[in-house]
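The values are calculated or read from the model by the stated rules, or taken from the named source; none is laboratory data. As the structure is a computational prediction, the values presented were derived from the model and not from experiment. Virtual Cβ from ideal backbone geometry, glycine too; neighbours counted across all protein chains shown. Ligands, DNA and RNA are stripped out before the accessible areas are found, and what is left, the full protein with its side chains, is counted by its heavy atoms. Shrake-Rupley method; radii C 1.70, N 1.55, O 1.52, S 1.80 Å.
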Amino acid sequence: MSWSRADAWLRSNAPALHAKFQPPATAAELAAAQEVVGAPLPAGLAAWWKECGGLKSGDYTPLVPEFYSPLGVAQALEVREMMMEIRRDVAVAPEIVDVDAHEARKLAESAGSPIGDLWLPLFVPVAVDASGTYLFADLREGPLHGCVMQFDEVEGADEEPLWANVDAMLDAVVEWLEGDFRTEWPIVR
């Protein structure tokens, strides 16, 4: 798995950052997450969280290209709950009278399809940037089930997926750490 390589790189090249990671998720925490979400976690996401607990709250470091800090399972569930409340109560367009019907229509669409400003129950946050933009795994059904998309507070999720799955996202982390771009990263200095 790519996270093992990223973890080894961080342990050797950025030990202070490596020390800021929380313990990995337990099997019980992953089972509880699946229960809360109401769907199985993609294998790559579950495997990552078994190895990586995300950075401690308040320790923002851009580790996922280009400016995202990884979330552990507990943080992800907190963010998911907050985003569902905020987006459902505040951010849904005023012309949408029946939010439940709108949500049901969006849940029926294929994973990876643009969703607008509604945070769906099948969105599982995996990383956050300094401005509050989230990366999430889209657990709706379809060929892109488990893809990683971006959700920002202005546009919602109106763009194409950034990665096909969490494994591809982690491959990008490793490429960034081991490649030429690492000299531009603040964590190396």
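Might you let me know whether the range 122-131 holds any residue that is modelled with pLDDT under 95, open to solvent by 10 Å² or more (accessible area, probe 1.4 Å) and small (Gly, Ala, Ser)?
Within the range 122-131 (the criterion being modelled with pLDDT under 95, open to solvent by 10 Å² or more (accessible area, probe 1.4 Å) and small (Gly, Ala, Ser)), the answer is yes, since at least one residue qualifies.
May I ask you to list the residues in the range 62-88 that are touching a Gly at 6+ places or on another chain (Cβ under 6 Å) and not in a helix (DSSP H, G or I)?
Pro70, Leu71, Gly72
Exactly one condition in (1) open to solvent by less than 20 Å² (accessible area, probe 1.4 Å); (2) small (Gly, Ala, Ser); (3) in a helix (DSSP H, G or I); (4) more than 25 Å from Ala32 (Cβ to Cβ) is not met by Gly112; state its number.
Status for Gly112: all satisfied but (3).
So which pairs qualify, if the first residue must be in the range 2-31 and among the polar types (S, T, N, Q), the second must be open to solvent by less than 60 Å² (accessible area, probe 1.4 Å), the Cβ gap must be under 6 Å, and the two must be at least 6 apart or on different chains?
Taking only residues 6 or more apart or on different chains, the pairs are Ser2/Leu170; Ser2/Val174; Gln22/Gly53; Gln22/Gly54; Gln22/Gly72.
With (1) open to solvent by 80 Å² or more (accessible area, probe 1.4 Å); (2) under 23 Å from Trp163 (Cα atoms); (3) outside any helix (DSSP H, G or I) as the list, and Arg5 as the residue in question, which single condition is left unmet?
(3)
Report, by residue number, each residue of the range 108-133 that is within 17 Å of Trp48 (Cα to Cα) and not aliphatic (A, V, I, L, M).
Phe123, Pro125
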